[in-house]
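The structure appears below as structure tokens.
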Amino acid sequence: MVQSNTPKDGSKPVVGNHSECHLPFHLVVAGTAALAILLFSLALPPSALGQEQEEEPTQEEEPTQEEEPTQDDLTARQQEVARTVQNACQAVRQIPEGERTSRQDDLIDVCEAAAADPNAGTNYYDGLAPDEVAAQGRVSMQTLRQQMDNVSSRMSDLRAGVSGVSTRGLSLAMQDGQAPPALYSNLLGGGASSDSDILAFSQWGVFVNGMVTQSRRDTTSGEPGFRRRSYGLTAGADYRLTSDAVVGAAIGLTRTDTDLHNNAGGVDVDGYSLSLYGTRFLGDAFYVEGIATLGRNRYDTVRTVFSEPIGNQSALARPKGNEYGLGLNAGYDRANGPWTTSYQASFDHLRTEIDAYTERPSHPDNLGAGALLHIDGQTIESTTAEAAVQLAYASSQSWGVMHYSGRLGLEHEFGDRSRLIHAQFQEDPTNTTFSLRTDSPDRTYLNLGVGLTAQMAQGRAAYVFLESVEGRSGYSHYQIDVGVRMEF
């Protein structure tokens, strides 16, 4: 509208003509009109001024967006996979058709099918992305903690004066993790007739600890959720150097079955470990202890790539890896009659290394056999510290001592963090690497627990401990730890 009015009102060309004829009155009128039009133009919003000129760049940008391989609204992870697989297909197409392998032809078929699918992000790129690999690191960390906790349970027995052969029984942990060691057996209570039997010890001791755990993790935008079941067995022997110092060694076996949500696959882990441990009393109330663990794991992984109606294809692999753990614990028990207040501190550093591996197809003749990956080696580290307070009450009974306990612990994760999983398509001649980021861990959370322990003559005991963990997002978490112990 402004542009159409400007020539009619006599802008700069008209002004120039009047100035040459020396007509001051007309010059003033024309200049005033031009100035008014200029001020009016500046006062208009940008959308009104030059509207047709602003629409032209928008029309030029639209074709550029349509040329991208994004038929639907792809997430950042889907776009990363889409770019990499399309580039791989472009490189394969440069190979003469007669010189391509059958799996390179399959990779091109996958690219063409994805390009023709309006929901390629969900139907194709999600399946090609190795999000499921993140579960390997989480599961391996949990199996390492399980073996170290089994050894910690033995040291708890040693602090309570257990010796000889002890069978702790089977402990059950529901949801994520396991209940803490039996920290409520230090106080035996006065007046129990069996105290001398309970506290008797010899130099050598042998133990067997068993554990069953279950955990569940919710699905997030970066990782699939899973349900995990783990079975662990630890056996060892220790030697009492003095009345206040014990050293020992233990071997552990672990079997873990993990099912990923939404039929995304699974991770099974078989592992064994060797642990060295020791505990030392410093005075009547203070103690320190340490654990060093070295282990080896084998992972059986299944990653669902395509499912019906697109096809039936999964990526299989059996990588191996090492694990290392170091734990330091210290505590101080302050007794006041039947009450005992325990102040506890612990530090754990865990490291898991998973070897690089190449996937193989579950159905070599189905779509997707040429779109599998080579996964680079992974390193997962965790450094945690916990400060806890526990209150215990001992009640003397005719058959022994009953212990009631409550525990509050504040735990913080220092080392674990979001990490990158690096992968390449096997049939990509350029070996282009793409990366997917895992979720960040929860940093600080509370461990809450209550327990009962029945301590009887001749070293027999039974206990139950209930614990919940508060402050972990995406976890429905509670624990039940039950067990029995016998000595010979």
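Taking all protein chains as they are arranged and a probe of 1.4 Å, the heavy atoms of LEU282 leave approximately 80 Å² accessible to solvent. Amide H to amide H distances under 5 Å link GLY415 with THR383, where only residues 5 or more positions off or on other chains count and H is placed in the peptide plane.
Once the convex hull of all Cα atoms in the stretch 331-385 is built, its volume per residue stands at 133 Å³. In a reduced charge model with +1 at each Lys and Arg Cβ and -1 at each Asp and Glu Cβ, the stretch 198-259 shows a dipole moment near 180 debye about its Cα centre.
In a fully extended conformation the segment linking ALA454 and LEU241 would gain 73.8 nm over its present Cα-Cα distance, using 0.36 nm per residue. In this structure the stretch 305-381 gives 46 Å² per residue of accessible area when probed at 1.4 Å with all protein chains present. Shape verdict for the stretch 217-264, please, from the Cα gyration tensor: rounded (a/c under 1.5), prolate (a/b greater than b/c) or oblate. Prolate. Obtain the nm distance between the two label points defined at GLN86 and ASP270 by a simple spin-label model: each point lies 7 Å from its Cα along the Cα-to-C-beta direction. The modelled label-to-label distance comes out at 4.4 nm.
Segment THR341..GLU308, full-extension length gain: 5.9 nm, with 0.36 nm per residue of separation and the alpha-carbon distance subtracted.
Accessible surface comparison of TRP204, TRP399, probe 1.4 Å, protein chains only, largest first: the order is TRP204, TRP399. Give the separation of the Cα centroids, the stretch 81-132 to the stretch 391-449, in Å. Taking the Cα centre of the stretch 391-449 as reference, the centre of the stretch 81-132 is 37 Å away. Stretched out fully, how many nm does the piece from HIS349 to ARG334 gain, at 0.36 nm a residue minus the Cα gap? Answer, rounded to one decimal: 2.6 nm. The accessible-area ordering, largest first, of the residues SER382, SER396 stands as SER396, SER382, per a 1.4 angstrom probe.
Ordered by solvent-accessible area of protein heavy atoms (1.4 Å probe), largest first, the residues SER362, SER440 come out as SER440, SER362. Take THR383: with every protein chain present and a 1.4 Å probe, its accessible area is about 20 Å². Computed from phi, the 3J(HN,Hα) profile of the stretch 112-124 under the Karplus parametrisation 6.51, -1.76, 1.60 (θ = phi - 60°) reads 5, 5, 5, 5, 8, 9, x, 10, 4, x, 7, 7, 10 Hz, with x in place of Gly and Pro. Sorting 106-112, 223-229 by average packing, meaning the other beta carbons within 10 Å per residue, from highest down gives 106-112, 223-229.
The values are calculated or read from the model by the stated rules, or taken from the named source; none is laboratory data. Computed from a prediction, not measured in an experiment: that's the story for all the values here. Glycine gets a Cβ as well: all are built from the backbone with ideal geometry, and neighbour counts include every protein chain shown. Heavy atoms of the whole protein, side chains included, go into the accessibility calculation; ligands, DNA and RNA do not. Shrake-Rupley method; radii C 1.70, N 1.55, O 1.52, S 1.80 Å.
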